[in-house]
Amino acid sequence: MRIAIVDESAARAAIIQEGLADVDDCETVVITDRKGLIAAIAAFGPDIVLMDLGNPSRDVLEEYFVVSRALAKPIAMFVDESDEESIAASVDAGVSAYVVDGFAKNRIKPLLDLAVRRFNAFSRLESDLAEARGQLAERANIDKAKRLLMNSRGLSEPEAYKELRSQAMRSSKRIADVAEALLMAEELLGGGR
């Protein structure tokens, strides 16, 4: 596992590295400079990012949230103090674990596991949502194509669906693809005026 540790304090970063000593096959890199942070993290290619921010200002916190949004990796963030607005912003930014006043060597490994599990669970939910939206869009196109066939050729709904299905089988395509092609052809031929 490749872990990027982001901390402006080398001493605090060393504590995180000690907390990761028990993790098998773990490679870490410590990044202390905020300049070019996303590029530095991307160059290392971590599986997870651990950020220890201590007591950050609003500007620093927002800067790290921007980094979090850009990475698409599990991120565990340690802060000394927080408020509801910062917690909400961290959730919106995709931070997998936001730990307030919980920085201790023995807590690093469990928090790492939590961040990875939460990130994976959220990624699965996003994937499922995207798939469901895609299926709904396909279903809507099929319904529009059926209506088009019903109106233009005087077919019943079952007959229109049967026609779409037959064309899909003849052309070795999915019904949704045939429906989309029919709608596009209708639009190009001026039926969508």
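Computed with a 1.4 Å probe over protein heavy atoms only, the accessible surface of the stretch 81-193 comes to 69 Å² per residue. Distance between the 7 Å Cα→Cβ label points at residue 63 and residue 135: 4.5 nm. Working note: Karplus 6.51/-1.76/1.60 with θ = phi - 60° gives the stretch 71-83 the couplings 7, 6, 9, x, 10, 10, 10, 10, 9, 7, 9, 7, 9 Hz, where Gly and Pro are set to x. Helical runs assigned H by DSSP (4 residues or longer) give the chain a calculated mean residue ellipticity at 222 nm of -20500 deg cm²/dmol, each run adding -39500 (n - 2.57) before division by the residue total. Mean projection of the Cα convex hull over all viewing directions, computed for the chain: 16.6 nm². Summarising the label geometry, the points placed 7 Å from Cα in the beta-carbon direction at residue 80 and residue 121 lie 3.1 nm from one another.
Evaluated with a Cβ-only charge set (Lys, Arg +1; Asp, Glu -1), the stretch 10-97 carries a dipole of roughly 360 debye about its Cα centre, given to the nearest 20.
Residues whose amide H lies under 5 Å from that of residue 80, counting only those 5 or more places away or on a different chain, are 54, 55, 101; hydrogens are built 1.01 Å from N in the peptide plane.
The alpha carbon convex hull volume per residue for the stretch 135-193 rounds to 77 Å³.
Available extension along the chain between residue 143 and residue 32 is 34.4 nm, counting 0.36 nm per residue and deducting the alpha carbon span.
With all projection directions averaged, the alpha carbon convex hull of the stretch 62-104 covers 2.8 nm². Of the solvent-accessible surface of the stretch 1-151, computed with a 1.4 Å probe over protein heavy atoms with every protein chain present, carbon and sulfur atoms account for 51 percent.
The values are calculated or read from the model by the stated rules, or taken from the named source; none is laboratory data. Here the structure is a predicted model, which means the values were calculated and not measured. Because the Cβ atoms are built from the backbone with ideal geometry, glycine has one as well, and the counts that use them run over all protein chains shown. Heavy atoms of the whole protein, side chains included, go into the accessibility calculation; ligands, DNA and RNA do not. Shrake-Rupley method; radii C 1.70, N 1.55, O 1.52, S 1.80 Å.
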